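Following: one structure in structure tokens, then a few remarks.
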């Protein structure tokens, strides 16, 4: 075991050290090479060292280098060193984080990490929280708590009786609500299409003047950080109306909620602390290994009621029982990595991570504009949308950037336009990474050069 784990550590270290010198996207040859792992079901045991070697030698070249400093696709962070090391140690511990009796260390670390998160994100200190896989499950968990609370107020026990015959709940979302919110609404039985969609302004913010009347049990879903533009819905106005009407406000803040941790960006989340529940990801801007999401709920009783599990063999004490706040019963101890990241960075380090990546995004926007390309959004956070002319030209440049390998940026369609999206989320991104990537993007936008005469 010792030699095997040392080999794993050596291989992982070598992989990370090589990220700066390799292509961000794998080559087609590396992807084709994955066929070497597709062997018939083994009849006999294999040497663990050979298994590890195959994974490294065949798998590592076929990875997308999202752990490095020049990956700007989706909203994916890297893994700060302490969180990655904690992930390795937690893997060796192999704890089931579902119950206190199953892992006293995992449950206690979760409690500590949750307290730190609430403080960093400027949320109610007595809120309850759940450590889940990511934004979709965080949204789902919080929406289930909302479902419980809203229906309980009109005398309906949704956990016991389901939604058949239940009083209707009005669900209000932005027309630019993230797909994870819509999926979560579907999972919770509200339906993905049975929602009222509120129009947005030119930056993708919900327009409060277009909100419908709040009548009866109502769930309003706000967005802290539009996935394309980084814009924030107007929480102050929406929460004021919702509170007066007894509506529940849920916030999808997968990455944008982290603006609260950076003094220069905190104004963007003004009013969001007045909501009833929040969903965010730690594997985005906190930069812990995948997967790591957090659901937070002001009403701890509603969260526990919606997620409660009872069985004779499950031993519950007086302390917070993790399985009573999450959809899962058995799960890995992902709170350990969150604890390690915050412990290593501290408040100042988290703030610097947010501010630094936002400055990198602003530099991308400045360089692209200076070269004559259109930046389609107000760059208030870490998201940059750019057009290279018409839709076809933008698709061509995006594909060329991905094929070039210097960096990786994704495409999107926003307000009916095809755009390239640059999302700067990684602690590992340096000024040099930004300049190298900017040069590559501009080179690809210029197209193939005519051969010299």
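The values are calculated or read from the model by the stated rules, or taken from the named source; none is laboratory data. Nothing here was measured: the structure is a model prediction, and the numbers come from that model. Because the Cβ atoms are built from the backbone with ideal geometry, glycine has one as well, and the counts that use them run over all protein chains shown.
Taking residue 259, is it within 14 Å of residue 358 (Cβ to Cβ) and either outside the structural domain of residue 116 (by TED's automatic domain parsing) or touching a strand residue (DSSP E or B) at 6+ places or on another chain (Cβ under 8 Å) (or both)? Spell out how you get there, then give the answer.
Details: within 14 Å of residue 358 (Cβ to Cβ): yes; either outside the structural domain of residue 116 (by TED's automatic domain parsing) or touching a strand residue (DSSP E or B) at 6+ places or on another chain (Cβ under 8 Å) (or both): yes.
Yes.
Would you list the helices (runs of 4 or more DSSP H) that sit entirely within the range 105-192 and hold 3 or more residues that are over 17 Å from residue 249 (Cα atoms)? Show your work before the answer.
Values: elements: 135-152, 158-161, 179-187.
Because the criterion is at least 3 residues that are over 17 Å from residue 249 (Cα atoms), the helices (runs of 4 or more DSSP H) in the range 105-192 that meet it are 158-161, 179-187.
Among the residues of the range 247-269, what is the count of those that are more than 13 Å from the chain's Cα centre (by Cα), more than 20 Å from residue 346 (Cβ to Cβ) and in a loop (DSSP other than H, G, I, E, B)?
1
It is to be established whether one or more residues within the range 61-82 are assigned to a helix (DSSP H, G or I) and more than 20 Å from residue 408 (Cβ to Cβ).
yes
Of all residues in the range 224-248 being under 25 Å from residue 287 (Cβ atoms) and out of contact with any helix residue (DSSP H, G or I) (no Cβ under 9 Å at 6 or more places or on another chain), which is surrounded by the fewest Cβ atoms within 10 Å (Cβ to Cβ)?
228
Give the residues of the range 1-25 that are under 26 Å from the mean Cα position of the chain (by Cα) and not in a loop (DSSP other than H, G, I, E, B), sorted by residue number.
12, 13, 15, 16, 17, 19, 20
Only one of these conditions is not met by residue 94: (1) touching a strand residue (DSSP E or B) at 6+ places or on another chain (Cβ under 6 Å); (2) surrounded by fewer than 19 Cβ atoms within 10 Å (Cβ to Cβ). Which number is it?
Answer for residue 94: the failing condition is (1).
Assess whether residue 406 counts as being buried (at least 17 other Cβ atoms within 10 Å of the Cβ), at pLDDT 95 or above and in a loop (DSSP other than H, G, I, E, B).
yes
From the residues in the range 270-283 that are surrounded by fewer than 24 Cβ atoms within 10 Å (Cβ to Cβ) and in a helix (DSSP H, G or I), which one is nearest to the chain's Cα centre (by Cα)?
Of everything passing the filter in the range 270-283, 273 is nearest to the chain's Cα centre (by Cα).
Picking from 251, 315, which residue would you name as being in the same structural domain as residue 114 (by TED's automatic domain parsing), within 30 Å of residue 87 (Cα to Cα), in contact (Cβ under 8 Å) with a residue 12 or more places away in the chain and touching a helix residue (DSSP H, G or I) at 6+ places or on another chain (Cβ under 6 Å)?
251
What's the number of the only condition in (1) more than 19 Å from the chain's Cα centre (by Cα); (2) surrounded by 15 or more Cβ atoms within 10 Å (Cβ to Cβ); (3) touching a residue at least 60 places away in the same chain (Cβ under 8 Å) that residue 211 fails to meet?
Residue 211 satisfies all of (1) more than 19 Å from the chain's Cα centre (by Cα); (2) surrounded by 15 or more Cβ atoms within 10 Å (Cβ to Cβ); (3) touching a residue at least 60 places away in the same chain (Cβ under 8 Å) except (3).
Condition check ((1) assigned to a helix (DSSP H, G or I); (2) in contact (Cβ under 8 Å) with a residue 60 or more places away in the chain; (3) surrounded by 15 or more Cβ atoms within 10 Å (Cβ to Cβ)) across all residues:
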{"site": "355", "(1), (2), (3)": "yes, yes, yes"}
{"site": "362", "(1), (2), (3)": "yes, no, yes"}
{"site": "377", "(1), (2), (3)": "no, yes, yes"}
{"site": "394", "(1), (2), (3)": "yes, no, yes"}
